[in-house]
Amino acid sequence: MLLAIDCGNTNTVFSILDGTQTIATWRTSTEWQRTADQYYVWLSSLMRFQNLDVNIDEVIVSSTVPRVVFNLRVLSDRYFNCRPLVVGKADCALPAEPRVDAGTAVGPDRLVNAAGAYDRHGGNLIVVDFGTATTFDVVDDDGAYIGGVIAPGVNLSLEALHNAAAALPHVDISKPQAVIGTNTVACMQSGVFWGYIGLVREICARIKAERGREMKVISTGGLAPLFQQSEALFDAFEDDLTMHGLTVIHRYNKDLA
């Protein structure tokens with residue numbers, strides 16, 4: 001069985017997979033201080049709770065937080081008796097190498113999203129990921145990541161509004177009933193919601209114009225369904241794109257061995 005680990009700036013997701021079939025998925029907050037033993041106690045407790053009796057013998061990791069990788073390596077070695085594949089490291093091959101400026105370190109999450117999206121939708125894509133940051137990943141005809149855009153995440157923008165303006169409260173993001181808000185919360189929700197609708201539409205339009213072609217736009221990330229239901233911004237929504245990308249990269253490396 002494969003244990004796929006996606007460590008983001010805010011949350012870390014663990015999935016157990018049998019081939020491409022997901023057996024179980026769990027989410028925890030990302031904390032670089034967490035030890036390998038703590039990871040295992042948490043993970044094994046959840047497995048017992050769901051009556052899962054599986055033999056994990058392969059691990060792949062994607063992490064945007066470098067400090068957690070060491071303990072995830074220890075987890076893999078100590079408890080699963082295997083060396084993990086770590087996306088972005090020299091010993092983890094990619095189906096298509098990124099084409100970016102020399103010396104540029106591409107985030108592992110963006111490489112994984114490109115691999116997963118290409119496997120499901122072919123090339124010539126824009127992948128919009130609503131995470132801590134809102135990222136736009138451009139995938140070429142052959143599946144290579146060729147660059148993109150990074151904008152502040154939706155929740156990050158709301159938090160900045162609250163922290164910078166003492167009178168503005170914490171609010172949850174949702175689609176407002178009207179563009180013109182008649183109270184503070186509605187005004188903030190409208191600004192963020194319609195602001196991001198405009199941001200996504202404009203950035204995607206400019207990417208397509210710069211590339212001189214039509215492109216499929218794929219969304220992923222926790223808030224993607226909110227924006228998906230309100231405007232025709234995306235051609236498809238993938239809620240498990242990163243995990244699928246990890247299985248694609250794992251399978252590619254296994255085939256090379």
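The values are calculated or read from the model by the stated rules, or taken from the named source; none is laboratory data. The structure displayed is predicted, hence computed values, not measured ones. Here the Cβ is made from the backbone with ideal geometry for all residues, glycine too, and neighbour counts use every protein chain on show. Accessible surface areas use protein heavy atoms only, side chains included; no ligands, DNA or RNA. Shrake-Rupley method; radii C 1.70, N 1.55, O 1.52, S 1.80 Å.
With respect to residue 206, determine if the residue is free of Cβ contacts under 8 Å to residues at least 40 places away in the same chain and in contact with a Leu (Cβ under 9 Å, 6 or more places away or on another chain). Give the steps one after another, and end with the answer.
On the way: free of Cβ contacts under 8 Å to residues at least 40 places away in the same chain: yes; in contact with a Leu (Cβ under 9 Å, 6 or more places away or on another chain): no.
Taking the combined requirement at face value, the residue does not satisfy it.
Listed residues 202, 214, 238, 210; which is open to solvent by less than 60 Å² (accessible area, probe 1.4 Å) and either among the charged types (D, E, K, R) or at positive phi (or both)?
Numbers: 202 fails: open to solvent by less than 60 Å² (accessible area, probe 1.4 Å); 214 fails: open to solvent by less than 60 Å² (accessible area, probe 1.4 Å); 210 fails: open to solvent by less than 60 Å² (accessible area, probe 1.4 Å).
The match here is 238.
Filter region 58-75 down to the residues that are open to solvent by 70 Å² or more (accessible area, probe 1.4 Å) and either farther than 13 Å from residue 87 by Cβ or of a type in the set (Gly, Ala, Ser) (or both) and list them by number.
Scanning region 58-75 gives 67, 70.
Quick one: would you say residue 120 is over 21 Å from residue 30 (Cα atoms), open to solvent by 20 Å² or more (accessible area, probe 1.4 Å), at pLDDT 95 or above and of a type outside the set (Val, Ile, Thr)?
yes
Against the definition (assigned to a strand (DSSP E or B) and farther than 30 Å from residue 148 by Cα), how does residue 5 come out, yes or no? Even if it seems obvious, please write down each step before you answer.
Working: assigned to a strand (DSSP E or B): yes; farther than 30 Å from residue 148 by Cα: no.
Answer is no for this residue.
Would you point out the residue of region 128-185, among those that are of a type in the set (Asp, Glu) and modelled with pLDDT of 85 or more, that is least open to solvent (accessible area, probe 1.4 Å)?
If we filter region 128-185 for residues that are of a type in the set (Asp, Glu), which is where we start, we get 129, 137, 140-142, 159, 172.
The next check asks that each one be modelled with pLDDT of 85 or more; those that pass are 129, 137, 140-142.
Working: 129: 24, 137: 0, 140: 27, 141: 91, 142: 75 Å².
Filtering region 128-185 for residues that are of a type in the set (Asp, Glu) and modelled with pLDDT of 85 or more, the one least open to solvent (accessible area, probe 1.4 Å) comes out as 137.
If I ask for residues that are over 16 Å from the mean Cα position of the chain (by Cα) and either aromatic (Phe, Trp, Tyr) or not in a helix (DSSP H, G or I) (or both), which ones from region 200-227 would you list?
Matches in region 200-227: 212, 213, 214, 215, 216, 227.
What number goes with the only condition from (1) farther than 24 Å from residue 131 by Cβ; (2) in contact (Cβ under 8 Å) with a residue 40 or more places away in the chain that residue 51 does not pass?
Only one criterion is unmet by residue 51, namely (2).
Evaluate region 201-216: report whether one residue or more is at pLDDT below 90 and farther than 24 Å from residue 64 by Cα.
Filtering region 201-216 for residues at pLDDT below 90 gives none.
No, because not a single residue in region 201-216 is at pLDDT below 90 and farther than 24 Å from residue 64 by Cα.
What residue, among those in region 8-26 that are open to solvent by 50 Å² or more (accessible area, probe 1.4 Å) and in a strand (DSSP E or B), is modelled with the lowest pLDDT?
Within region 8-26, the subset open to solvent by 50 Å² or more (accessible area, probe 1.4 Å) is 9-11, 18-23, 25.
Restricting the remaining residues to those that are in a strand (DSSP E or B) gives 11, 18, 21-23, 25.
On the way: 11: 90, 18: 90, 21: 87, 22: 91, 23: 93, 25: 94.
Looking at residues that are open to solvent by 50 Å² or more (accessible area, probe 1.4 Å) and in a strand (DSSP E or B), I get 21.
When only residues in region 27-42 that are within 27 Å of residue 254 (Cα to Cα) and modelled with pLDDT of 95 or more count, which is nearest to the chain's Cα centre (by Cα)? It would help to see each step written out before you state the result.
Start the filter on region 27-42 by keeping residues that are within 27 Å of residue 254 (Cα to Cα), which leaves 27, 36, 39-40.
Right, trim to modelled with pLDDT of 95 or more and you get 36, 39-40.
Values: 36: 23, 39: 20, 40: 23 Å.
Only one residue tops the list, namely 39.
Being more than 24 Å from residue 39 (Cβ to Cβ) and in contact with a Cys (Cβ under 7 Å, 6 or more places away or on another chain) narrows it down to one of 150, 126, so name that one.
Exactly one residue qualifies, and that residue is 126.
Any residue in region 181-192 that is on the phi < 0 side of the Ramachandran plot, assigned to a loop (DSSP other than H, G, I, E, B), of a type in the set (Gly, Ala, Ser) and touching a residue at least 40 places away in the same chain (Cβ under 8 Å)?
Applying the first criterion (on the phi < 0 side of the Ramachandran plot) to region 181-192 yields 181-192.
Narrowing the set further to residues that are assigned to a loop (DSSP other than H, G, I, E, B) leaves 181-183.
Going one step further and asking which of them are of a type in the set (Gly, Ala, Ser), we end up with 181.
From the residues that got through so far, the ones that are touching a residue at least 40 places away in the same chain (Cβ under 8 Å) too are none.
Among the residues of region 181-192, not one is on the phi < 0 side of the Ramachandran plot, assigned to a loop (DSSP other than H, G, I, E, B), of a type in the set (Gly, Ala, Ser) and touching a residue at least 40 places away in the same chain (Cβ under 8 Å), which makes the answer no.
Determine which member of the set 85, 75 is closer than 28 Å to residue 115 by Cα, out of contact with any strand residue (DSSP E or B) (no Cβ under 6 Å at 6 or more places or on another chain) and aliphatic (A, V, I, L, M). Working first, answer last.
Numbers: 85 fails: out of contact with any strand residue (DSSP E or B) (no Cβ under 6 Å at 6 or more places or on another chain).
The conditions single out 75.
May I ask you to verify whether residue 16 is more than 18 Å from the chain's Cα centre (by Cα) and among the aliphatic types (A, V, I, L, M)?
Numbers: more than 18 Å from the chain's Cα centre (by Cα): no; among the aliphatic types (A, V, I, L, M): yes.
It is false that residue 16 is more than 18 Å from the chain's Cα centre (by Cα) and among the aliphatic types (A, V, I, L, M).
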